[in-house]
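S.K.: Got a structure here, written out as structure tokens. Questions coming.
Just so it is clear, none of the values below were taken in a lab; they were calculated from the coordinates. As the structure is a prediction and not an experimental result, all values here were calculated from the model. Glycine gets a Cβ as well: all are built from the backbone with ideal geometry, and neighbour counts include every protein chain shown.
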Amino acid sequence: MGKGGRTAVKEALGKIKSRVFVDFCALNGENAAGGIGLTPACARELFDFGVDVITMGNHTWSKREIIPYFENEKRLIRPVNFPTGSPGAGSFTAVTQKGAVGVINVSGRAYMDYANIGCFFEKTDEEIIKIKKETKIIIVDMHAEATAEKIALGRYLDGRVTAVLGTHTHGQTADEEIFERGTGYISDVGMTGPKDGVIGMDKDIVIKRLMTGIADRFTIAEGRRQFCAILIKADEATGKCLQIERINEILDD
């Protein structure tokens, strides 16, 4: 979320890598540029910090300059169930030190302001078939408002992907678990960015808008920063999730 979120990624990711081997890092970057959208410059910065794949969501096209960037940067993906003809792709398979990791980006439907978005069950199934030819380790970023949609997809994919990780609501949930057939799950990974605002935005502006209906321009909150993430250990032979750890750190105490 904004510049503070990007610098938090650099600092916290470096600390994590100093204490544990991290073979692969995926990040949802749809709020990385000023809180809404992503620019090529911000994407390159995150890749330089050690991010391997960037996923997106409902703010994918908020910064128009990112559209042509999708054609040349395959590590940047958008929801696979976006309408046919949308720039870019909905999945990417990265080659790491220990093998390959596939990432699928998919969006929910409920309470999301989309037109002509496809079925997230069907489109995710199609991508899994493609990625399984290269690797059994598959991470799904389920970008959705409705928790029920996230849980439903997680249960539906249990045993067929390594993890289904929810994004979008900015609030980290405490329901991380490994389902019966070996798929890791959490309803929302949480937001990396300002800690003392309202889902990353200046609290006074948000409160005023909610109380009066006056729509002042949102700005990124200042103050402390937080880093939210999920650390997963996977079985290379089966693709199953062996361990899922929730990380939530305040960087500026």
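S.K.: Between Arg246 and Lys17, what length in nm is gained on full extension when 0.36 nm per residue of separation is reduced by their alpha carbon distance?
M.R.: Net length gain for the segment: 80.9 nm.
S.K.: Here's something else I'd like to know. Measuring from label point to label point, each 7 Å out along Cα→Cβ, what is the Glu222 to Lys208 span in nm?
M.R.: Each label point is offset 7 Å from its Cα along the Cβ direction, giving 1.5 nm.
S.K.: For every helix of n ≥ 4 consecutive DSSP H residues, a contribution of -39,500 (n - 2.57) applies; sum these over the chain, divide by its total residues, and give [θ] at 222 nm rounded to the nearest 500 deg cm²/dmol. It would help to have the intermediate numbers written out before the result.
M.R.: Values: 6 runs with 64 residues, N = 253.
Computed ellipticity for the chain at 222 nm equals -7500 deg cm²/dmol.
S.K.: Modelled label-to-label distance, Ile67 and Val95, 7 Å Cα→beta-carbon offset: nm?
M.R.: The answer from the label model is 3.3 nm.
S.K.: With no solvent and one point per C-alpha, what does the Debye sum give as log10 I(q)/I(0) for the stretch 68-210 at q = 0.10 Å⁻¹?
M.R.: -0.38
S.K.: Rounded to the nearest 5, what % of DSSP beta bridges with both residues in the stretch 2-250 are antiparallel?
M.R.: Close to 50 percent.
S.K.: How far apart, in nm, are the 7 Å Cα→Cβ label points at Lys130 and Arg181?
M.R.: 2.2
S.K.: Students often get this wrong, so try it: which of (1) 7, 32, 39, 18, 3, 0; (2) 7, 30, 37, 22, 4, 0; (3) 6, 25, 30, 21, 12, 5, 1, 0 is P(r) over Cα pairs in 10 Å bins from 0, in percent as calculated from the structure shown?
M.R.: Of the listed options (1) 7, 32, 39, 18, 3, 0; (2) 7, 30, 37, 22, 4, 0; (3) 6, 25, 30, 21, 12, 5, 1, 0, (1) comes from this structure.
S.K.: Remind me, relative contact order of the chain in percent, using alpha carbon pairs under 8 angstrom and six or more residues apart?
M.R.: Reported relative contact order: 15 percent.
S.K.: Hey, how many Å between the Cα centroid of the stretch 16-32 and the Cα centroid of the stretch 99-132?
M.R.: Distance between centres, Cα-based: 21 Å.
S.K.: If R0 is 35 Å, what FRET efficiency do you get for Lys10 and Glu122 from their C-beta distance, rounded to 0.05?
M.R.: 0.40
S.K.: Can you tell me which lysines have their Cα less than 26 Å from the Cα of Lys98? Leave out same-chain residues fewer than eight positions away.
M.R.: Lys10, Lys15, Lys17, Lys74, Lys130, Lys132, Lys133, Lys136, Lys233, Lys240
S.K.: Per-residue HN-Hα couplings for the stretch 105-115, Karplus 6.51 cos²θ - 1.76 cosθ + 1.60 at θ = phi - 60°, whole Hz, x for Gly and Pro?
M.R.: Result, ordered by residue: 9, 9, 10, x, 10, 5, 6, 10, 7, 10, 10 Hz.
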